[in-house]
Amino acid sequence: MEKRKLGFWEIWNMSFGFLGIQMGFALQNANASRILQIFGADVHELSWFWIIAPLMGLIVQPIIGHYSDNTWSRFGRRKPYFLVGALLASVGLILMPQADIFIAFLPALWVGAGMLMIMDASFNIAMEPFRALVADNLRTDQRTLGFSVQTALIGFGAVIGSWLPYVLTNWLDIPNTAPDGVVPPNLIWSFIIGAGVLVATILVTIFTTKEYSPQELDGFEAEGESGIIPMKEAKLSDIFTDFRKMPETMRQLSWVQFFSWFGLFGMWVFTTPAIAHHLYGLPIDDTKSQTYQDAGDWVGVLFGVYNLVSALFAFCLPYIAFKIGRKLTHSISLVIGGVSLISIYFMPDQNWAILPMIGVGIAWASILAMPYAILAGSIAPRKMGVYMGIFNFFIVIPQIINALIGGPIVKYFYNGDAIYAIITSGVSFIIAAILVVKVKDVDDLKSKSEIL
């Protein structure tokens, strides 16, 4: 018994919900630091607030992966998690920039951090089953294409989310300033729009994508194993057993992921203060001026650039991987991204910062596709969800470490100058590129026609 070969638009619709998820995620990445600073957070405290994101991933994704592996209802296997995650994330998106409305009960900074936690937990509830769905529904010879299409949609969604505040201000004249302690209207409306798009795109995937039934999945074989474990036989404690028995490929990829995501986290947290102070020439303690708000909007544009490049480059990844292999493709992409991040230090002004974002986009596309395409070939179908969740450990642990040490490093070693945190992120990418060499790609043992 063999899985049906899916057409391009079937693969597109299957991952379409990721466009909305990443739009919300991009709004968070580009603007959460800025919002928290508006509510009173200091620059060296930002990484401590951002620790919420990886902590939620560490807790939520393996649990969701375990239960989605062992759940079947009339709504499907993975679909119920998409919908619940999208609805909860939309609540967080709407309320985070409006946290000041709760000031009679709690400080706005606390409420904003709480909404950030809700958003991150909810994004994780939705994202992990999406990764598993691609591996569930696609044959080995379509997985690189499947994860590349998913990466493209992630890129398009992130472009919309990153550019939206800038567009609302410069095209629709929605103000990007507000009284002290209040988030500007352009951000509030961006987050509301992002919430609506998130729910709408998830519904597209739910209504257009068919999941294999347990009986059908039981007929598929991989690595000598088949099917899924019936719910009554599965225990949550199995996650720890699965962790100890993770495939060799996953162990090798864990170090690549560690340094990749350590670098990404530093970039997301510190780009706004780095650009504002290093390229706009603002004092380190300036977080409220009109120029700082302009810098924040420009960072959204820069993030949109790297996500647009990522979306376009994703379509090239299957061809490049076919020609030179997935490992070399990933390694080269990471080097390009690392050198690009370091080069921001040498840019003469904020407009030139667009150039490094092209290289960051190449690395981001590869990070979102290549590790998952390599990993999927080493996992049995009945464990796809839980191992995709466990794989997330190696994404969130480096972010937690960076969250704990990043702020103090910026404050005490970099004298508050966040541009050096961006350079550190670039070095981290290059280390990840070197470690890719040690990874065993199981599909390398198969013909090139199976890889593509």
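The values are calculated or read from the model by the stated rules, or taken from the named source; none is laboratory data. Nothing here was measured: the structure is a model prediction, and the numbers come from that model. When we count neighbours, we look across all protein chains shown, and the Cβ atoms used for this are built from the backbone with ideal geometry, even at glycine.
Of all residues in segment 53-106, which are of a type in the set (Ser, Thr, Tyr) and either buried (at least 16 other Cβ atoms within 10 Å of the Cβ) or at pLDDT 85 or above (or both)?
Residues satisfying the conditions are TYR67, SER68, THR71, TYR81, SER90.
Any idea which of MET388, MET370 is at pLDDT below 80 and among the aliphatic types (A, V, I, L, M)?
MET388
Would you confirm whether or not segment 230-250 contains a residue that is modelled with pLDDT under 90, in a loop (DSSP other than H, G, I, E, B) and within 22 Å of SER425 (Cα to Cα)?
Within segment 230-250, none of the residues are modelled with pLDDT under 90, in a loop (DSSP other than H, G, I, E, B) and within 22 Å of SER425 (Cα to Cα).
Please note which helices (runs of 4 or more DSSP H) are completely contained in segment 69-188 and include at least 1 residues that are aromatic (Phe, Trp, Tyr) and without any contact (Cβ under 8 Å) to a residue 40 or more places away in the chain.
By residue number, 108-137.
If you check THR205, THR169, THR209, which single one turns out to be closer than 24 Å to GLY361 by Cβ and polar (S, T, N, Q)?
One residue alone meets the criteria, THR169.
So how many residues does segment 407-416 have that are more than 25 Å from the chain's Cα centre (by Cα) and at pLDDT below 90?
Counting residues in segment 407-416 that are more than 25 Å from the chain's Cα centre (by Cα) and at pLDDT below 90 gives 4.
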